[in-house]
1. Taking N as the number of residues in segment 333-439, what is its Cα Rg relative to 2.2 N^0.38 Å?
2. Determine, for 565, 414, 75, 403, the number of other Cβ atoms within 10 Å of each Cβ, and report the residues in order from fewest to most.
3. I need the trypsin sites (Lys or Arg not before Pro) found in segment 367-406, filtered to DSSP loop residues with at most 13 other beta carbons within 10 Å of theirs.
4. Please determine, in degrees from 0 to 90 and to the nearest 10, the orientation of helix 445-462 with respect to the longest principal axis defined by the Cα atoms of the chain, where the helix direction is its Cα long axis.
5. Roughly how many Å is it from the Cα centre of segment 172-195 to that of segment 636-692, as a whole number?
6. Report the GluC sites (Glu not before Pro) located in segment 368-411 that are in a DSSP loop and have at most 10 other Cβ atoms inside 10 Å of their Cβ, or state none.
7. If you average 1/r over every pair of different alpha-carbon atoms in segment 46-168 and take one over that average, what Kirkwood value in Å do you get?
8. Which semi-axis lengths, in whole Å and largest first, follow from the square roots of five times the eigenvalues of the Cα gyration tensor of the chain?
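Since every read-out is calculated from the coordinates, none of them should be taken as a lab result. Bear in mind that the values here come from a model prediction, so they are computed numbers and not experimental data. Positions of Cβ are generated from backbone atoms using ideal geometry, with glycine treated the same way; all protein chains shown enter the neighbour counts.
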Amino acid sequence: MSLRFRLAAVCLPPALLVATTAVPAHAASYERVLNGTFDSVKTPWWSSGNTPSRVELGRLCADVPAGTANVWDSMVAENDIPLEAGQPYTLRFTASATRSVSVHSVLQLAAAPYTTTLNKTVALGPTPKSFEFTGTSTVAGLRGQLSFQQGGATEAFTLCIDDVSLTGGAVAPGGGRDFGSPVRVNQYGYTTSGPKKASVVDDSTTPVPWRLLNASGTAVAEGRTRVQGEDAESGDHVHLADFSKVRTVGTGYTLVVGDASSEPFAIADNPYKTLAKDALGFFYASRSGTPIEAQYAGAAYARPAGHVGVAPNKGDTEVPCLPGTCDYSLNVQGGWYDAGDQGKYVVNGALADWQLMDSYERSLRQGDRTGRSDGLLSIPENSNGVPDVLDESRWETEFLLSMQVPAGKPLAGMVHHKVHDLAWTALPTRPDRDTQPRYLHPPSTAATLNLAAAGAQCARVWAPYDRAFAQRCLTAARTAWQAALAHPDVYAPDSDSVGGGAYDDTEVGDEFSWAATELYATTGDRRYLRHIDTQITSAGFSWRDTGALADLTVVRLPNRFPARMVAAARKRVLAVADGYVRDEQSQGYPNPYLPADGAYVWGSNSATANNALVIATAYDLTHRGRYRDAVLESMDYLLGRNALNQSFVTGYGTRASHNQHHRTWAHQLDATLPAPPAGSLAGGPNSALQDPVAQQNLPGCAPATCYIDDIFSYSTNEVAINWNSALAWTAAFAASASR
Ligand code: 9MR
């Protein structure tokens, strides 16, 4: 709130303070509105499309149009307000309007049946007035909406609101969460020959007894826990129960400690075969530019082709640049949708693409036939004589190639950073029903180097199957490399995040090094060698930081690099893997991700899977069992042996994520739509609470618990291609290492 407005409010005569309902005595007074003071930003408040709004002098002001029919045709509102049944709520706000008008202040469910807790009409004029109302909610849920509705005006006016507060409810923000049993297991299945441990939350400072029951409730093993101690990332006091010696295949096992019983789980010879397949299957279901057919994806996931130029889509067939940034259009059909949104982003796409091709190259080197079989996946190309994982990656590679600036145009050879909608579309919106115009965003050095890297790798892996395509990839990669050298500092801005993600990156030395590595591996051209100058560190890798991929490619393809380089890279990969194993073992829950500052990032589950990939690579280099075991325990973390007792993989476990943020797989919002397909990985705990649902429901969370399985929590619960590619890689490793 600005000083000017504060003074105006303070000067109000008491008679203007309208209190229509007495405020009931209430034990606690929890604030439920986010950003009710509008000190600088508008979020998470929004207004109807016909009602432009902005923060002005520390207030939220909205231009209300004349001539709308219903009161709700012009709204200013905040969503995702948690409501508890039977609890009173007190609404306070200050408001003014540029002329005398009536405005409705409404607290109700955001969607049908729109159950109302409060609906009060206030008379406003140019002098700010303060109000206070109370109502009792009859419903419980996270989908409350506080709105100011002023449709039906005969003349346009400007409405300004400030100091909006809604207090009430008995559950403190961030409180009342129930993680079920304190005995946390891999809810899917342990590998017969692998480690089998549970993490148990227990205050005792001495070991406690555990029992393993089979499906008929008979104890088949027993022992005592080891006290692991305080777990900093979760705040839990944790014990470990080790039942690795049990090797009897079966389903419906439970681990019992005291009165508490774990979720059921299996012991199986190779539980990861199915997961490896499902995690890869995610990509077919995410394809753009082609109908998703029931015979491959199953009836629930079938849908018409998205963005192929059929109304109401504007299509990706002739996409212009953002106005004023170029004079051509490109056909950029195809590729995978990035995540819950329908944008297509080169940097993220190339990383996911790399990871699929890397999984193939690993399987080639490690003699894993399943990982590179034709017929592995349920996709149209599954009997074309090409490994399915390559068929799937090609779907993305073709898109990446199409994003390159054509010869003869300014910045020729560079690569457009991304293509996405002008504005964010609502949830749910099926891709073929997206009416938004889509634009190419300007080229960036990072995107250009990502194509150089993935293109060079494509040339390598496709050479035996399709020479012409391999050649096309190599030409594009070399052209991109030259263009990046000529334009080494064209950065995608972090502000470009309306209608799509920014994927901003202003540090591209790591992309140069990674691209040079891939180009050298494919061509043996020594000119690339001197650009390989990054090393893997415990920071790992992500779409933004790709430097570690250089070392990983060097050790994956040792015959293609100078021996000294291979030896040095090998040493570093092992040292980083050792650090991850230590991190995993030092924690109460087996997460190989332990950030130095203790804070979990957006998409932390992909950091878990990517770090597991590094450990897996150490296994491939040494065949030391402890690396394999550490990867399998990382899978335990993702599949339920964690602080939330939550499997982050849809369809895998009794308490598995299924409400991930997605515009098509939005079952939580529309029961006729499916949940994400089995094998979809949720982003996972993110301690920065970067969406309103996380901010409302997770304040004060310990880092490892900052997660909520709600469709609107995009910062903790989205799915994304670069996260599923990490899961697909590690699951394929786990499957091949489970034999
Ligand atoms: O994965 C991305 C994460 O590292 C960033 O912090 C975040 C905010 O910029 O964006 C994530 O990527 C999202 C992208 O911007 C848009 N599509 C969905 C992606 C996953 O949430």
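1. Working: Rg = 16.4 Å, N = 107, 2.2 N^0.38 = 13.0 Å.
Cα Rg divided by the expected 2.2 N^0.38 Å: 1.26.
2. The most exposed by this proxy come first: 565, 75, 414, 403.
3. Answer in residue order: 369.
4. 40 degrees
5. So the two Cα centres are separated by 14 Å.
6. Numbers: sites: 381, 392, 396, 398; in loops: 381.
Passing both the DSSP loop test and the Cβ count: no residue.
7. Values: mean 1/r = 0.0692 Å⁻¹.
One decimal place: 14.4 Å for the Kirkwood radius.
8. Values: eigenvalues 414, 246, 97 Å².
The equivalent ellipsoid of the chain has semi-axes of 45, 35, 22 Å.
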